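Since the structure comes first, as structure tokens, the remarks are kept for the end.
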Ligand code: HEC
């Protein structure tokens, strides 16, 4: 074969490769978009359910009763939501109440970035990060979504917690770190993952 033909072939092959990788990139983008939509719906369901349960418990049993209720129900609701969906669904924070909700390195890094963005003026409620990452040789889709501190939350996560509420929290969570939050600050995040 003449060297001119070889060059032409090589060029054609290179173009084909570029086209294939472009196609793969598009497919990956489409996958991520579908996963993002699904993750957002799961957060809405799980987060909405949790807030409803918390408000109900505050009304019927007051904040002390609601602490006991949260202690039992919050982990259960996360387990149920995970089993129903086949995703791993949980909450975490840079300052956790339940030590079992402590963040991994990825979650810690994303939350640190969120805290910096809030300090720079972005509203906490708008912050999320979703992407495919490699973990132990597997591709994992991760979705992290900010949970801002609202007024209601201050009853159990603020700086001025009633003595009887504080005592109940200390009894159930001797290593509690989740107090001293102000409205608008990052209380924690919803963290979802799915191995692909
Ligand atoms: C009645 C008290 C109470 C109120 C009000 C309350 N929480 Fe909590 N919160 C708890 C308890 C108890 C836990 C630990 C639950 C567990 O064991 O998983 C917790 C855990 C969390 C966690 C999981 C991470 C961690 O620290 O363990 C997040 C995030 C959180 N709360 C956010 C909020 C937000 C946001 C609000 C307001 C909308 C709120 N909480 C209101 C009692 C409360």
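Points worth noting:
- In summary, strands (runs of 3 or more DSSP E) completely within segment 77-196 and bearing 3 or more residues that are out of contact with any helix residue (DSSP H, G or I) (no Cβ under 7 Å at 6 or more places or on another chain) occur at 128-135, 138-148, 186-195.
Conditions (1) at pLDDT 95 or above; (2) closer than 28 Å to residue 179 by Cβ; (3) under 15 Å from the mean Cα position of the chain (by Cα), marked per residue:
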site: 30; (1), (2), (3): no, no, no
site: 39; (1), (2), (3): yes, no, yes
site: 102; (1), (2), (3): yes, yes, yes
site: 109; (1), (2), (3): yes, yes, yes
site: 121; (1), (2), (3): yes, yes, no
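- Residue check, residue 97 more than 15 Å from the chain's Cα centre (by Cα), within 13 Å of the ligand (Cβ to nearest atom), crowded, with 19+ Cβ neighbours inside 10 Å and closer than 25 Å to residue 55 by Cα: yes
- All told, residue 56 falls short of being more than 9 Å from the ligand (Cβ to nearest atom), surrounded by fewer than 13 Cβ atoms within 10 Å (Cβ to Cβ), at pLDDT 95 or above and within 16 Å of residue 143 (Cβ to Cβ).
- Of all the criteria given as (1) under 14 Å from the mean Cα position of the chain (by Cα); (2) within 30 Å of residue 56 (Cα to Cα); (3) modelled with pLDDT of 95 or more, the one not satisfied by residue 126 is (3).
- Hey, residue 90 touching a strand residue (DSSP E or B) at 6+ places or on another chain (Cβ under 6 Å), closer than 21 Å to residue 38 by Cα, in contact (Cβ under 8 Å) with a residue 40 or more places away in the chain and within 10 Å of the ligand (Cβ to nearest atom) or not: yes
- Hits in segment 136-174 - residues which are farther than 24 Å from residue 185 by Cβ and in contact with a strand residue (DSSP E or B) (Cβ under 8 Å, 6 or more places away or on another chain): 138, 139, 140, 141
- Some residue of segment 131-142 being within 16 Å of the ligand (Cβ to nearest atom) and either touching a residue at least 24 places away in the same chain (Cβ under 8 Å) or surrounded by 17 or more Cβ atoms within 10 Å (Cβ to Cβ) (or both): no
The values are calculated or read from the model by the stated rules, or taken from the named source; none is laboratory data. Remember, it's a predicted structure, so these values are computed and weren't measured experimentally. Cβ coordinates were reconstructed from backbone atoms using ideal geometry, including for glycine residues, and neighbour counts include every protein chain displayed.
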